[in-house]
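Colleague: One structure follows; several queries about it will come next.
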Amino acid sequence: MVPKKILVTGAGGFIGSHLVNRLVEEGHYVRGVDIKKSEFLPCFAQESLLLDLRRPENAMKAAEGMDEVYALAADMGGMGFISNHHSEILYGNTMIDFHTIEAARAQGVGKILYASSACIYPNYKQTETEVTPLKEDDAYPADPQDAYGWEKLTTEKLLHHYRLDYGLETSCVRFHNIYGPEGTWDGGREKAPAALSRKIANAALSGDHRIEIWGDGEQTRSFCYIDDCLEGLVRLMASKHHEPINLGNARLISINALAELIADIAGVSIDVKHIEGPEGVRGRNSDNSLLREVLGWEPRIKLEEGLAKTYAWIHTQVQMRTAKALLQPLPPRQSKSAEPARI
Ligand code: NAD
């Protein structure tokens, strides 16, 4: 293996922080760039820069001297976030994406790999729970559900044209729900596996087994473990494939069944209450035919195995947060004389 100089944008995020450490382990020189520090995983990048990539001069600085770029930076989250921040996502992420691609061209980067999403697929192909797995060609005629999907689709087009017009080497991956430990698990940006793990860990620790699920819970998705995601990314960077390609696990499961699976892992029974909330499309799954053809490989880590690792990590986070809250000093008691006078 020839060591390379590699830029990972979004290095402080879930996939980025795991990817940085894998590339460093492989012997590469890695520059991690993000607007914030990695929250959960210690980052072993040889260089870590805090930069806002919505600014073109920062993107230029990030890409300078790099052989390869993994463009992962984005302002994103689960359904709760992406269904409520359309302008912020479309404007901010398009700025990040466009400046990063232009910087890769201007700085003579050897290859850029862009992280797109299964959210680019059209609504009309995702109306049933028993959905037909989505093939790359299903993207058009375009009708993504949210502005997030339009941002990704627009950037896919820019990438395509930069390759044709300037000869920039490109790859583009459409992730289908990547999950695992050391990712956002609370605060409104977490995705279903992390949110359910947190709720079930709370149930296990508190003894209150009621948990809430948005919608009727029959909506279906597929979930891909982080180690499979990293393997796919590295293989794709090494391949000659240019056009967008799915990267997901092809096992379809409903959100209700996902909750039951995590509850089994946790060894608790749950009492599910279905409430109103953003559900996203009715069903979505990844067709991995092209992935198998191009990479001779597809994600293989079993959901039970990945969820067990994810749940264990989130359970510890919930425990630590509870312990911290208990250690907080109590507010000083007000003496009677300090009470405001009543009129
Ligand atoms: P994440 O939110 O954990 O990481 C994204 C990182 O980008 C964050 O650390 C964030 O601080 C950084 N960022 C945001 N704005 C920035 C800015 N202006 N300048 C520099 N950095 C900025 O998300 P993730 O799950 O690691 O996803 C990585 C990429 O994969 C994203 O592009 C996302 O859209 C895409 N994707 C992820 C999934 C998934 O299931 N995780 C699915 C589809 C697509």
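Colleague: Could you derive backbone 3J(HN,Hα) for the stretch 92-104 from the dihedral phi with the Karplus parameters 6.51, -1.76 and 1.60 (θ = phi - 60°), listing whole Hz in sequence and x where the residue is Gly or Pro?
Modeller: Karplus-based 3J(HN,Hα) across the stretch 92-104 equals x, 6, 5, 4, 4, 4, 5, 5, 5, 5, 5, 5, 4 Hz.
Colleague: Provide, as a two-decimal number, the C-alpha radius of gyration of the stretch 214-343 over 2.2 N^0.38 Å, N being how many residues it has. Please report the intermediate quantities before stating the final value.
Modeller: Details: Rg = 23.1 Å, N = 130, 2.2 N^0.38 = 14.0 Å.
So the Cα radius of gyration is 1.65 times the expected 2.2 N^0.38 Å.
Colleague: Sticking with this structure for a sec: Just name one of Ala194, Pro331, Ser171: the one whose Cα is farthest towards the positive end of the charge dipole of the chain (beta-carbon charges, Lys/Arg +1, Asp/Glu -1).
Modeller: Pro331
Colleague: Quick one: compute a quarter of the convex hull surface over the Cα atoms of the chain and quote it in nm².
Modeller: That works out to 21.7 nm², a quarter of the Cα hull's surface.
Colleague: Each residue of the stretch 208-214 in turn: what ³J(HN,Hα) in whole Hz from Karplus with 6.51, -1.76, 1.60 and θ = phi - 60°, glycine and Pro shown as x?
Modeller: Running phi through 6.51 cos²θ - 1.76 cosθ + 1.60 with θ = phi - 60° gives 8, 8, 7, 10, 9, 10, 6 Hz.
Colleague: Further, regarding this structure: Tabulate in residue order the Karplus-calculated ³J(HN,Hα) for the stretch 42-47, using 6.51 cos²θ - 1.76 cosθ + 1.60 with θ = phi - 60°, rounded to whole Hz; enter x for Gly and Pro.
Modeller: x, 9, 9, 4, 5, 10
Colleague: Straight-line reach from Lys157: which aspartates and glutamates fall under 18 Å, measuring Cα to Cα and dropping same-chain residues less than 8 apart?
Modeller: Asp97, Glu102, Glu136, Asp137, Asp138, Asp143, Asp146, Asp165, Glu169, Glu243
Colleague: Can you pull the percent of Cα pairs in the stretch 223-273 with separation above 12 Å?
Modeller: 73 percent
Colleague: Test of understanding: express the Cα radius of gyration of the stretch 1-148 as a ratio to 2.2 N^0.38 Å, with N the residue count.
Modeller: Working: Rg = 16.5 Å, N = 148, 2.2 N^0.38 = 14.7 Å.
For the stretch 1-148, the normalised Cα radius of gyration comes out at 1.13.
Colleague: Starting from the amide H of Cys172, placed 1.01 Å from N in the peptide plane, find each other amide H under 5 Å away whose residue is 5 or more places distant or on another chain.
Modeller: Amide H neighbours of Cys172: Tyr114, Ile245.
Colleague: Please identify, among Ser269, Ser254, Ser171, the residue showing maximal mean-square fluctuation in a Gaussian network model of the chain using a 10 angstrom Cα cutoff.
Modeller: Ser269
Colleague: Top to bottom by accessible area (1.4 Å), largest first, where do Trp313, Trp297 land?
Modeller: On the way: Trp313 40, Trp297 10 Å².
Putting Trp313, Trp297 in descending order of accessible area: Trp313, Trp297.
Colleague: Could you order His176, His209 so the one with the most accessible surface comes first? Probe is 1.4 Å.
Modeller: Working: His176 5, His209 60 Å².
I get His209, His176, largest accessible area first.
Colleague: Continuing with the same structure: List the residues, sorted by chain then number, that are 5 or more residues from Leu134 or on another chain and whose placed amide H is less than 5 Å from its amide H.
Modeller: Answer set, sorted by chain and number: Asn285, Ser286, Asp287.
Colleague: List the residues whose amide H sits under 5 Å from the amide H of Leu49, counting only those 5 or more places along or on another chain, with H placed 1.01 Å from N in the peptide plane.
Modeller: Excluding prolines and chain starts, which carry no amide H, the hits are Gly32, Val33, Asp34.
Colleague: Next up: Can you tell me the dipole magnitude for the stretch 54-159 around its Cα centre, using point charges on the Cβ only (Lys, Arg +1; Asp, Glu -1), in Debye to the nearest 20? It would help to have the intermediate numbers written out before the result.
Modeller: Numbers: 9 positive and 17 negative charges, 59 e Å.
Computed about the Cα centre, the dipole is about 280 debye.
Colleague: Something else: Among 98-104, 214-220, what's the highest-first ranking by average C-beta atoms within 10 angstrom per residue? Can you show the working numbers first?
Modeller: Details: 98-104: 23.4, 214-220: 17.4.
Averaged packing, sorted descending, gives the order 98-104, 214-220.
Colleague: Looking at the stretch 104-164, which GluC sites (Glu not before Pro) are in a loop (DSSP not H, G, I, E or B) and have at most 10 other Cβ atoms within 10 Å? Display every interim value, and only then the final one.
Modeller: Working: sites: Glu128, Glu130, Glu136, Glu151, Glu156; in loops: Glu128, Glu130.
Loop-located and lightly packed - Glu130.
Colleague: Here is a further query. Express the carbon and sulfur contribution to the solvent-accessible surface of the chain as a percent, rounded to the nearest whole number, probe 1.4 angstrom. Display every interim value, and only then the final one.
Modeller: Working: 8590 of 16330 Å².
About 53 percent, which is the carbon plus sulfur part of the accessible surface.
The values are calculated or read from the model by the stated rules, or taken from the named source; none is laboratory data. For clarity, every value in this text was computed on a predicted model and none was experimentally measured. Here the Cβ is made from the backbone with ideal geometry for all residues, glycine too, and neighbour counts use every protein chain on show. Side chains are part of the model used for accessible areas, which takes the heavy atoms of the whole protein and leaves out ligands, DNA and RNA. Shrake-Rupley method; radii C 1.70, N 1.55, O 1.52, S 1.80 Å.
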